1. Express the relative contact order of region 1-113 as a whole percentage, based on alpha carbon pairs under 8 Å and six or more residues apart in sequence.
2. How far apart, in nanometres, would the label points at Asp37 and Asp95 be if each is projected 7 angstrom from Cα along the Cα-to-Cβ direction?
3. I need Arg170, Arg156 ordered by Cβ neighbour count within 10 Å, fewest first.
4. Over region 130-223, what relative contact order in percent results from Cα pairs under 8 Å that are six or more residues apart?
5. What do you get for Rg/Rh over region 5-126 if you use C-alpha atoms and the Kirkwood form of Rh?
6. Quick one: compute the contact order of the chain, relative version, from alpha carbon pairs under 8 angstrom and 6+ residues apart, as a percent.
7. For every other residue with a beta carbon closer than 10 angstrom to the beta carbon of Val30, add +1 if it is Lys or Arg and -1 if Asp or Glu, then tell me the sum.
8. On C-alpha positions alone, give me the angle between the axis of helix 13-25 and the longest principal axis of the chain, in degrees, nearest 10.
Amino acid sequence: MAGMRLLVAEDDRPLLAVLRRGLLQAGYLVDTAERGDDALHMLTTGDYAAAILDWRMPGLDGAEVIAAARRQGTRLPLMLLTARDTTQDRVAGLDTGADDYLVKPFDFDELLARIRALLRRGGPASEPALRVAGVRLDPATREVTSGGRAVTLTPREHAILELLMRRAGRVVPRQTIAEQVWPDADASWNAMEAHMARLRAKLGGEAGVSIVAVRGAGYRLVGE
């Protein structure tokens with residue numbers, strides 16, 4: 001399941017930072033929001049496998065975000081986080097369209113288990129494979145092919161390639177790559193370039209793509 005992109009919406013910044021860091025360490029790609037209205041916009045315009053939403057947020061609360069997203073046709077697995085722990089609260093949360101409900105404080109391992117269950121239930125199987133020229137990456141199975149040839153990547157190489165493919169044609173800032181791929185370590189320019197070089201070599205000439213270094217900015221994946 002790792003490698004999937006998750007949306008986490010939480011207005012408690014310290015908790016949001018902890019959640020983001022833990023999910024990155026678990027191998028997920030993570031986008032964050034601190035307001036419910038921002039989360040709703042991201043949900044309906046972004047490409048996510050699942051979303052985790054705090055109940056109490058400015059703009060719109062988590063339950064309102066879920067209800068609005070369902071009205072707009074969102075079928076993503078959605079989880080509510082809340083300090084409310086009565087049966088009535090749980091029923092109210094699930095009735096908005098939430099697929100799961102987790103009461104604070106919670107054990108992070110339980111959150112990961114709940115996310116895996118949500119993704120098995122309905123998220124990854126429906127997410128389309130990413131394609132750029134001759135490169136194909138399946139987020140659900142993590143299989144990568146280049147010109148029809150299977151390519152074996154390390155977790156970091158896979159995370160880099162998925163980031164570049166999801167933003168194909170656009171520059172992905174070095175800082176973004178560092179935060180998503182090296183959440184626990186400082187990634188030097190040389191280390192990042194070494195990973196890019198190995199990724200280029202593994203994809204090979206049949207890939208029909210180039211990973212271009214943009215001086216002072218980041219990297220861009222372009223189809224040839």
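1. Details: 197 pairs, mean separation 25.8, N = 113.
Dividing the mean separation by the residue count of region 1-113 yields 23 percent.
2. For Asp37 paired with Asp95, the spin-label model returns 2.7 nm.
3. Values: Arg170 12, Arg156 18.
Exposure proxy ranking, most exposed first: Arg170, Arg156.
4. Values: 128 pairs, mean separation 34.0, N = 94.
With pairs under 8 Å counted, the relative contact order is 36 percent.
5. Numbers: Rg = 12.8 Å, Rh = 14.0 Å.
Across region 5-126, the Cα-based Rg/Rh ratio is 0.92.
6. Working: 380 pairs, mean separation 36.5, N = 224.
Across the chain, relative contact order equals 16 percent.
7. Working: positive: Arg5, Arg20, Arg21; negative: Asp31, Glu179.
Around Val30, the surrounding residues sum to +1.
8. Between the helix axis and the principal axis of the chain, the angle is about 50 degrees.
Since every read-out is calculated from the coordinates, none of them should be taken as a lab result. Everything numeric in this text was worked out from a predicted model, so none of it was measured. Neighbour counts run over all protein chains shown; Cβ positions are idealised from the backbone, glycine included.
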